[in-house]
Amino acid sequence: SLIAAEAGARKVYCIEGSSLADMTKEIVKKNGKDGTIQVLNMLAEDVKLPEGGCDIIVSEWMGYFLLYENMLKPVLEFRDRWLNPGGLIFPSKVRLLGALYSDADFWKERMDYWDNLYGYDFSSIKNMVIREQFQWPERQHLLPEGLITTTQVLASIDVYEATPETLRDIRSPFDVRATRTGNAHGAAFWFDATLEASASVTLDTGPEAGYNHWSQVIWYFDAPLELRRGQRPQGYFNMVTQEKGTIDVEFYLTFPQRVYKMATDQNPDTIYQDLHERLVWERNFALRELSADHRWPKTESSSADEASPSLERLLECLLERVDQWIEGKGTRRRVSALMVLFLFGMITARCQAGRKAKAD
């Protein structure tokens, strides 16, 4: 709203349905825009614009898995009621995308971990872990090097033309090509959003775009899927929105082997973000900062499809940088901050709790 007012809008209606509306009014006033911006403390469905219409709609309705927050429907209804002919909508186009993802390091930490737990064989628990932790899609900050196939556009939504009916049942074939030989450990999903006017800008939330608010969604397989470079995994993807607003998601691979995943009654509260995700992102952030000019030595335990470095390898790099700092080659503040970040990631990983049952 502040940016719109700064850009020259004669009148801006800021719709805020939560108790933050009062704070928003205070911020607007402090920035001298209370004469232009009117804060409406209500849901978009209940708004009645005093002037009868608007020329531009700006809404950040996108959620995890693009539609999990189920906020596009109110935007479409608002568009039909209030957008003047020839008006603009931002974003105007969104796409849901998917690819297969490889992360041997993750698999080792979450699954192979049970083969030798304090010297004991707990491998019998693996099937239970798979049922409880791999049944649902989860939010992760994924790394671009983990992508093991090309990307598939699963849905393309024109916000000018879309209707609630067209969003209710999204179905798409899944047909990608393996870009290297290795194991796929799950299917990754993200979206991009395009803002079009005299110029076009695209918000990309994929792994190659780096850290972002939405991160990505990963749906882990029950077992690694072996792929050869050039192979074409095929299947389908379905996303159905129920009348009550929850979403059922289905992912099915028919080639090179059968993989079937289904999750029902999904919403923002069911998207799982365990503490492992925090560790994965934090340690890779630290790695990128620490190893800007550092070449990783290949070790016997390194694998071709390893998407994130081991704690041991990161620790080696960290200690090397600490030695450089002691010798006056680095900066104390940078190393100290990254040391805290790294240790926090280790602690949160060690404190990782099991997934709560959906009923919780």
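No lab work stands behind these numbers, since they all come straight from the coordinates. In this text, all values refer to a predicted model and were calculated from it rather than measured experimentally. FYI the Cβ positions are ideal-geometry reconstructions off the backbone, even for glycines, and counts take in every protein chain you see.
As a quick test, which of the pairs Lys48/Lys73; Lys33/Lys73; Lys30/Lys93; Lys73/Lys93 have an alpha carbon distance above 24 angstrom in this structure?
Working: Lys48/Lys73 17 Å; Lys33/Lys73 30 Å; Lys30/Lys93 34 Å; Lys73/Lys93 14 Å.
Beyond 24 Å: Lys33/Lys73; Lys30/Lys93.
Classify region 3-63 as rounded, prolate or oblate from the Cα gyration tensor: take a ≥ b ≥ c as the square roots of its eigenvalues, call it rounded if a/c is under 1.5, otherwise prolate when a/b beats b/c and oblate if not.
Cα axes put region 3-63 in the rounded bin.
Between Glu60 and Glu132, how many nm apart are label points set 7 Å from Cα along the C-beta direction?
About 3.5 nm, to one decimal.
Per 0.36 nm of contour for each residue apart, how much would the distance between Thr202 and Asp115 grow if the chain were fully extended, relative to their Cα-Cα spacing?
26.8 nm
Using r as the Cβ-Cβ distance of Tyr160 and Lys11, and R0 as 22 Å, what FRET efficiency do you calculate, to the nearest 0.05?
It comes out at approximately 0.50.
Per 0.36 nm of contour for each residue apart, how much would the distance between Met42 and Thr179 grow if the chain were fully extended, relative to their Cα-Cα spacing?
44.5 nm
Post the alpha-carbon centroid distance, region 227-253 to region 120-142, in whole angstrom.
20 Å
Dipole size in debye (nearest 20) for region 94-272 around its Cα centre, Lys and Arg Cβ +1, Asp and Glu Cβ -1?
560 debye
If you count, for each residue, the other Cβ atoms within 10 Å and average over each peptide, how do 198-206, 91-99, 115-123 line up from highest to lowest? Don't jump to the answer; show the numbers that get you there.
Values: 198-206: 13.0, 91-99: 20.9, 115-123: 10.0.
Put in order of decreasing packing, that is 91-99, 198-206, 115-123.
Roughly what would the spin-label model give for Ser18 and Asn238, points 7 Å off Cα along C-beta, in nm?
Inter-label distance under the simple model: 3.4 nm.
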